[in-house]
């Protein structure tokens, strides 16, 4: 998941373009609220005969706004300004013709569809573009007004409505644009921060792998040397050199965590367990490997590596601390998990008394398994032996 | 945003909730609306000074409506809790009172209702709440305010309005208010409706480590491995080649093993939090819960901690981050800094980081006292997410 932050340019464009949608909605509201005023005024002036045509013309303006809202393309807006301007002119000429007194108090009623012209623009990602479209609507409304009053032979009264709408729209556009510009200057580059987080996590993962591998190889090799007889036999020398090769190759640093499991690797865990058994028998611990039903289960390479390393680390503890010469390795599986239990009947220990500076089971077993979505639990008590249960999710069960 | 994809959240969330970072300096919207209200109302009141028997009442009304917008500005300052119903109700009630005061003030005088400032004053207050309230709240409160204020205003001024019939008078008075409600609600719906899908699509994107950083990280890890094994590898190699182990070899192996184990333990105990600032940040994390944080949470917290540490006046070592587990598996995180910073600068500097973190964690609280105190919760780890915590 990523931080819930939009790129600032995208957020600013969304907000600025919302102003045009706001304009369409207000244009619709203005036209609808004009209807009762028109009906009452024409009724009062005894001109109800003019009502149907003026309502149709208002409806035409309303339809134009709806068309722009549904399909906010430049050519639709221009078409609307042309046809809507003509409808507005027709509406105004009808109201003014033969009744100049209708604008005696104010041109409020006559100007209503003009507001709808000013309020219509296209969704603009930049404030100046939005203001330009509003300005164009204002000019069209002005031309229509002047023309209507001239055609009706009535002295022109511009009215405050279109000017207020133009001013308010411009202020809203500019305010929102200024706010977004301020925010752009203050909000850090979260894309960069996220990339750093990923790199840190990647480094942490590599570091964890390195710690576990150095523990399993170099630290154990040093222990072997500390406790070895004066002469190392051939197998011991080969093992030390193999560990050094592992460290020099450092393949885990470049290896993908989720390598594709190929059919050739289907028996990988079984083969590796056999190799581990052979190795520990040489070190004085006999392994009895049991369990594992007839089914085959596929796990990711990361899970397989983690489980084998955890088994190896558990057996290291048996060999070095338990005093036991026999350990049981039991494989158990169900539809979702594969579990390996390593048990010895050695001297055991009190898990709560283990110093926090000891890495063994914590780093090599528990943390490694947790990193691949698995788990590891240790049961032990002084004199009662030790059981380590290592469990991990399977990717797929492929049948017997 | 067609009908079939209309999501109820579009009317239940505010633009600020959908994208907090777009509005942390947005409290200037109410200030701009307050200025418009003050200018337009004052001009109208002055121009109609002689027409009203109590012209001062209009000035008072203008100031009351302006103060409603200023209140919205104060309530929407960064780091404050969301304004919600109570704050909005108070602001709209104040503006409604200013509107009614103006109506009563014009009783008995000639009034041009088409350009009357008071309905605009109420509409502007409603508009100033646009970024901070869901459309549902805007429509509800605006409608209630209109239903209360418009009839009272109509009764107060109807005798003086001779140019329009009663229906027209009511429509003309309510027209700015209805337009304000419609404009504000549509703005809120459109911003939320366009922002949410974008932000959700983006948050669900998984990022991989870019190649240059990956190569750099691997090179650093190789160097670390070389440092760890510098002494021990040649020694083991020599022993393996010779096949002979002397007493001195065993002693040296013991020394090297102790040193190597210390290095490994030190490395194993480090968390990503330690990488933020090794010497300027105290991390208390006995259960190693920092490792359970997801990528977006790490990014947001790391960015905030770095911003705090970069704030002038921040003392080294005084920044404490403490993580404690709850029985339900969730983690409580506390961040504290025992240094007093100038509030304005602190707020504006830290606000974007704070808001980014608020979108990534639960129950984030910012204690607004003299010193920085912040707490939040991380939910219990989803077992299915353990394989890729980022």
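Where a number appears in this text, it was derived from the coordinates with a stated rule and is not lab data. All figures in this text were calculated on a predicted structure; none of them were measured in a lab. Here Cβ is always computed from backbone atoms with ideal geometry, including for glycine, and neighbour counts include all displayed protein chains.
Inter-chain Cβ neighbour count for A:18-30, averaged per residue, equals 6 (cutoff 10 Å, partner chain atoms only). With the cut-off at under 17 Å, measuring from each backbone N in the range B:294-310 to a point 7 Å along the Cα-to-Cβ line of residue B:377 picks out B:294. Neighbour counts of C-beta atoms inside 10 Å place A:367, B:237 in the sequence B:237, A:367, starting with the fewest.
Relative to one another, the C-alpha centroids of the range A:96-166 and the range B:104-118 are positioned 24 Å apart. Please check: in the Gaussian network model of chain A (C-alpha springs, under 10 Å), which one of A:388, A:30, A:354 has the largest mean-square fluctuation. Among A:388, A:30, A:354, the largest GNM mean-square fluctuation belongs to A:354. Shielding of peptide B:184-195 by partners, expressed as the average count of other chain Cβ atoms within 10 Å per residue Cβ, is 6. Computed from Cα atoms, the angle from the helix B:28-47 axis to the main principal axis of chain B rounds to 20 degrees. Using a Gaussian network model of chain B with C-alpha springs under 10 Å, which one of B:274, B:310, B:328 is most mobile by mean-square fluctuation? In this elastic network of chain B, the residue with the biggest mean-square fluctuation among B:274, B:310, B:328 is B:328.
When both bridge partners sit in the protein assembly as shown, DSSP labels roughly 80% of those beta bridges antiparallel.
The relative contact order of the range A:8-186 comes to 30 percent, based on Cα pairs under 8 Å that sit 6 or more residues apart. Placing pseudo-labels 7 Å out from each Cα toward the beta carbon at residue A:171 and residue B:12 gives an inter-label distance of 3.5 nm. The tail of the calculated P(r) for the range B:165-268, taken as Cα-Cα distances beyond 24 Å, holds 66 percent of the pairs. For the pair residue A:73 and residue A:32, a Förster radius of 25 Å applied to the C-beta separation gives a FRET efficiency near 0.50, rounded to the nearest 0.05. Over chain B, Cα pairs under 8 Å with separation of 6+ residues give a relative contact order of 15 percent.
The mean count of C-beta atoms from other chains within 10 Å of the C-beta of residues in A:33-46, rounded to a whole number, is 3.
Measuring between their Cα centroids, the range A:1-18 and the range B:234-288 lie 47 Å from each other. Remark: the range A:1-102 is approximated by an ellipsoid whose semi-axes, taken from the C-alpha gyration tensor as √(5λ), come to 38, 15, 10 Å, largest first. Among beta bridges from DSSP that stay inside chain B, the antiparallel ones total about 85%. Computed on the range B:17-152, with alpha-carbon pairs under 8 angstrom and 6+ residues apart, the relative contact order is 33 percent.
Between residue A:104 and residue B:326, the modelled labels are 7.2 nm apart [label points 7 Å from Cα along Cα→Cβ].
When chain B is treated as a GNM, springs tying every alpha-carbon pair under 10 Å, which of B:319, B:305, B:256 comes out with the largest mean-square fluctuation? In the Gaussian network model the winner is B:256. The alpha-carbon positions of chain A define a convex hull whose volume is 241 Å³ per residue. Helix B:84-105 and the longest principal axis of the C-alpha atoms of chain B enclose an angle of approximately 20°. Counting every Cα pair in the range B:83-156, what percent are over 18 Å apart? Beyond 18 Å sits 37 percent of the P(r) for the range B:83-156. A Förster radius of 30 Å, combined with the Cβ-Cβ distance separating residue A:125 from residue A:66, puts the computed FRET efficiency at roughly 0.85. When the Debye formula is applied to the Cα atoms of the range B:214-269, each taken as the same point scatterer, what base-10 log of I(q)/I(0) results at q = 0.17, 0.24 Å⁻¹? Ignoring solvent entirely, the Cα scatterers give -0.65, -0.96.
At q = 0.06, 0.09, 0.11 Å⁻¹ the log10 of I(q)/I(0) for the protein assembly as shown amounts to -0.56, -0.89, -1.14, computed by Debye summation with a single uniform scatterer per C-alpha, solvent ignored.
A Cα-only calculation for the range A:8-186 places Rg and Dmax at 17.3, 62 Å. For chain A, the longest principal axis of the alpha carbon atoms and the long axis of helix A:301-317 meet at an angle near 40°.
When A:215, A:321 are arranged by Cβ crowding within 10 Å, least crowded first, meaning fewest neighbours, the order is A:321, A:215.
Calculated on the alpha-carbon coordinates, the convex hull of chain B measures out at 194 cubic angstrom per residue.
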